[in-house]
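Trainee: Here you go, one structure.
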Amino acid sequence: MPGKRTLDYAAYAVFIALILCAPLVLEEFWLNRIAKFLVYGLLGVAIALSWGYAGILNLGQGLFFGLGAYMMAMSLKLASPTSLQQGSATPVPDFMLWNAEPGAKTDLCCINHGSFLWTPFQNPWFGIGMAVLAPVLVATVIGWVMFRKRISGVFVSIIMLALVLLVRLVVIDAQPLTNGFNGLTDLGNLTVLGVELDPYEVVTYYVVAGTLALALIATRLLVETRAGLILQAIRDDQNRVRYLGFDVPLYQVFFFAVSAGIAGVAGLLYVVVAQFASPTFMDLSFSITMVVWAAVGGRASLLGACIGAIGINIIEAGASETQALVQAWRAVIGLIFVLVVLYLPRGVAGFASDAADAVLSRFGRKRPPAARPASERVAS
Amino acid sequence: MSAVLTVDGLGVAFAGFKAVDGVSLIIEEGELRVLLGANGAGKTTLMDLISGKTKSTQGRVHLRDTDITNWEEPAIARAGIGRKFQIPSVFRELTVRRNLEVAGCGKPGVFANLRFGLPRAARRRLDEVLDLIGLADEAQTVAGTLSHGQTQWLELGLLVMQDPKLLLLDEPTAGMTAAETLRTADIIKSLRGTHTIIVVEHDMAFVREIAQRITVMHLGQVLAEGDMASIEADPRVRAAYLGSKGIH
């Protein structure tokens, strides 16, 4: 199909141009909001990679998002003014003081049993590094165990679902170390390379938008490689791939870990933009919501799932703030889901792809490339 | 001529039942061997044992000089054995061309494959394989929409693309029309000589078309081995499998 791929790349280019130009028309408040939605878009990319390309429906992607978020939040908590005025030479999070045993020394080393774990997070680079590394490592270990045992399909979904709830319980239970239910709040701004990333400054938006653009391009290139092709083959027929001589679990673990890494970066950026980390990131409902975004946008398309996440959140924000819909906005969102599932089983991206096919075959070469309908922009 | 595959006293028991019992075979370079036998004779199980799907409980399998007994499936595949399944399995959401590209990737590791496109030699071979299996016009078709016969040919193409030392074909004409069966026979005949092949087949017209040497299995054991004429004449084969009327 000549031109289809060009359209596809054009869709990426248009999307990236749009998110990079948004600050020209949006004011601070909306910019901060859109930045959050772009972070959700990053989660959409992670879901599309594992669900659409690898065929692994991960109902616990929130685990990796939450891990990334907490790692970053630990650094930002230590950088917060609330941690610096405790009568100690080094910062100590305020909640540790509230939870401390009487007479405990006000120092990260020993205010409680696990507080020394926080010590390296005084360096923000450690927090940033761990926000990516921790999800990747955890995913590698979980993936190794699951995929070596040839666990697949719904069993992976159930295992991940159970794991995310387990970790959520542990985080809530470890109150002295994690501030339990309340999560990590009153965070400082992330300062890297002399730039302070205030959530309401344009520079923060650009960091988020730039990361999303890079992640989209890099992930797209990754699935275009031979390894990406083999991954899709594994999705379609594991056994066939095994008898062609490939180590199937190796591929599954690798892409599972990449997907986890992207979710970790999303968690990191979310904390920078929203300035809190909470156990609700590891709620079941959030992990399922991510899957719904990807389903609506089109799980077979990285860009589709990304746009699905951003689009649904914009509609949600708009509907919940429209006077007439204040009572009914959840119904509006629900209606959209139902309509997509019924009429667009491959999501918006699948619809756009079909539309592009129809247009290309009908008008063929006669149509100048400049005159494309807007719907093709999400073709992928 | 040298032996590509040496099977020596191979067997497996499932809860005491010996599905394959002390089978010995020597397959020479460039040979096309047909495995014949009634349902339950152990033909598919023998292929499972050779390709690593089932672990044997007795005997050895050598591919040339390498002992591959009970290796993991991907390791056996890399050693040079390609397997086609009874129920055709291809990558249904990928196009025909992309299907063949997967088989042409060559290197097994994930990091070795973090690069774009196939090597030039593999790309050239891909076009040859497309012609061989008669799917050149369908190269951009998604495999899931192919007809049953075309799907079988595509899987055959995957194996040729993989370029193994030995091809194991489990009922390559299952479910095919007479015309498709003949076409499949042509494909397999064109591989004869350049590839070493073992075919499990029931379709006698097809066997007659392609067979050089035939091994007849019965109740997990080798009953007879020889060319078409001697198999047809063998009284034990007639009694066990073909019935008193001979091959139709």
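Trainee: Kindly report the accessible area of region A:13-106 per residue (heavy atoms of protein chains, probe 1.4 Å, no ligands, DNA or RNA), in Å². Mind showing how you got there, number by number?
Mentor: Numbers: 3460 Å² over 94 residues.
I get 37 Å² per residue for region A:13-106.
Trainee: According to a simple spin-label model (label point 7 Å from Cα along Cα-to-Cβ), what is the distance in nm between A:Glu27 and B:Arg120?
Mentor: 6.1 nm
Trainee: If you average the sequence gap of Cα pairs under 8 Å that are 6 or more apart and divide by the length of region A:4-378, what percent do you get for the contact order? Could the numbers behind the result be given before it?
Mentor: Working: 602 pairs, mean separation 117.0, N = 375.
Value for region A:4-378: 31 percent.
Trainee: How big is the gap, in Å, between the Cα center of region B:130-171 and the Cα center of region A:9-58?
Mentor: Distance between centres, Cα-based: 39 Å.
Trainee: May I pose another question? Which whole-Hz couplings ³J(HN,Hα) result when phi for each residue of region A:43-49 is put into the Karplus expression 6.51 cos²θ - 1.76 cosθ + 1.60, θ = phi - 60°, listed in order with x for Gly and Pro?
Mentor: Listing the rounded values in order: 5, x, 4, 4, 5, 4, 5 Hz.
Trainee: Alpha carbon centre of region A:86-118 versus region B:206-234: separation in Å?
Mentor: 82 Å
Trainee: First select every other residue whose beta carbon is under 11 angstrom from the beta carbon of B:Ala136; then total the charges, Lys and Arg +1, Asp and Glu -1. Show your work: numbers first, answer last.
Mentor: Numbers: positive: B:Arg97; negative: B:Asp127, B:Glu128, B:Asp131, B:Asp137, B:Glu138.
My count for the surroundings of B:Ala136 gives -4.
Trainee: Any idea what the relative contact order of chain B is, in percent, if you count C-alpha pairs under 8 Å spaced at least 6 apart? Intermediate results must be reported in sequence, preceding the final value.
Mentor: Working: 452 pairs, mean separation 65.9, N = 248.
Here the relative contact order equals 27 percent.
Trainee: So what does log10 I(q)/I(0) come out to for the protein assembly as shown at q = 0.05, 0.06, 0.09 Å⁻¹, using the Debye formula with one equal point on every Cα and no solvent?
Mentor: Taken in order of the listed q values, log10 I(q)/I(0) reads -0.31, -0.44, -0.83.
Trainee: Report the far tail of the P(r) of region A:101-150, meaning the percent of Cα-Cα pairs longer than 19 Å. Could you put the intermediate results ahead of the total?
Mentor: On the way: 634 of 1225 pairs.
In whole percent, the long-distance tail amounts to 52.
Trainee: With springs connecting C-alpha atoms under 10 Å apart, model chain A as a Gaussian network and identify which of A:Met71, A:Met146, A:Met290 has the largest mean-square fluctuation.
Mentor: Greatest mean-square fluctuation among the candidates belongs to A:Met146.
Trainee: Another question, then. Hey, what's region B:3-242 come to in accessible area per residue, 1.4 Å probe, Å²?
Mentor: Accessible area per residue, region B:3-242: 41 Å².
Trainee: Shifting gears a bit: Show that you can apply the helix-only estimate: for chain A, add -39,500 (n - 2.57) for every DSSP H stretch of four or more residues, divide by all residues, and state [θ] at 222 nm to the nearest 500.
Mentor: After summing the helix terms and dividing by the residues of chain A, the value is -21000 deg cm²/dmol.
Trainee: Averaging the inverse of every distinct alpha carbon separation and then flipping it gives the Kirkwood radius. What is it for region A:301-370, in angstrom units?
Mentor: One over the average 1/r among Cα pairs gives 14.1 Å for region A:301-370.
Trainee: How large, in percent, is the carbon and sulfur part of the accessible surface of the protein assembly as shown at a probe radius of 1.4 Å?
Mentor: Here it works out to 61 percent.
Trainee: Here's another thing I want to ask about it. Going out from 0 in 10 Å bins, what whole percent of all Cα-Cα distances in region A:4-378 drops into each bin?
Mentor: Once binned at 10 Å, the Cα pair distances of region A:4-378 give 5, 22, 30, 25, 13, 4, 1, 0, 0.
Trainee: Could I ask something else about it? Taking every eigenvalue of the Cα gyration tensor of region B:3-242, multiplying by 5 and rooting it, what semi-axes result, largest first, whole Å?
Mentor: 30, 22, 15
Trainee: How many angstrom lie between the Cα centre of region A:246-272 and the Cα centre of region A:174-193?
Mentor: Distance between centres, Cα-based: 23 Å.
Trainee: Each residue of region A:232-238 in turn: what ³J(HN,Hα) in whole Hz from Karplus with 6.51, -1.76, 1.60 and θ = phi - 60°, glycine and Pro shown as x?
Mentor: In residue order, the calculated couplings are 5, 5, 4, 4, 6, 6, 3 Hz.
Trainee: List the residues whose amide H sits under 5 Å from the amide H of B:His218, counting only those 5 or more places along or on another chain, with H placed 1.01 Å from N in the peptide plane.
Mentor: The answer is B:Leu223.
Trainee: Report, to one decimal in Å, the Kirkwood hydrodynamic radius for region B:164-224 based on all distinct Cα pairs.
Mentor: Over region B:164-224, the inverse of the mean reciprocal pair distance is 12.4 Å.
Trainee: What are the residues whose amide H is under 5 Å from the amide H of B:Thr54, where those residues sit 5 or more places off or on another chain and H is modelled from the backbone?
Mentor: The answer is B:Leu49.
Trainee: When N is the residue count of region A:260-342, what does its C-alpha Rg come to as a fraction of 2.2 N^0.38 Å?
Mentor: Normalised Cα radius of gyration, region A:260-342: 1.18.
Trainee: Moving to a separate point now. For region A:1-160, how big is the tail of P(r) above 18 Å, as a whole percent of Cα pairs?
Mentor: 72 percent
Trainee: In Å² (nearest 100), what accessible area is buried between A and B, both sides summed, heavy protein atoms only, 1.4 Å probe?
Mentor: 2900 Å²
Trainee: So, one more: Pairs to check: B:Lys43/B:Lys165; B:Lys107/B:Lys189; B:Lys53/B:Lys189; B:Lys18/B:Lys165; B:Lys43/B:Lys189. Give those whose C-alpha atoms are more than 24 Å from each other in this structure.
Mentor: Too far apart for the 24 Å limit: B:Lys107/B:Lys189; B:Lys53/B:Lys189; B:Lys18/B:Lys165.
Trainee: A follow-up question, please. Could you check which residue among A:Ala331, A:Ala305, A:Ala22 shows the biggest mean-square fluctuation in a GNM of chain A with a 10 Å Cα cutoff?
Mentor: In the Gaussian network model the winner is A:Ala331.
Trainee: Per chain A: cysteines with no other Cys C-beta under 4.7 angstrom?
Mentor: A:Cys21, A:Cys306
The values are calculated or read from the model by the stated rules, or taken from the named source; none is laboratory data. All figures in this text were calculated on a predicted structure; none of them were measured in a lab. So basically every Cβ, Gly included, is an ideal-geometry build from the backbone, and we count neighbours across all protein chains shown. All accessible areas refer to the heavy atoms of the entire protein, side chains included, with ligands and DNA or RNA removed. Shrake-Rupley method; radii C 1.70, N 1.55, O 1.52, S 1.80 Å.
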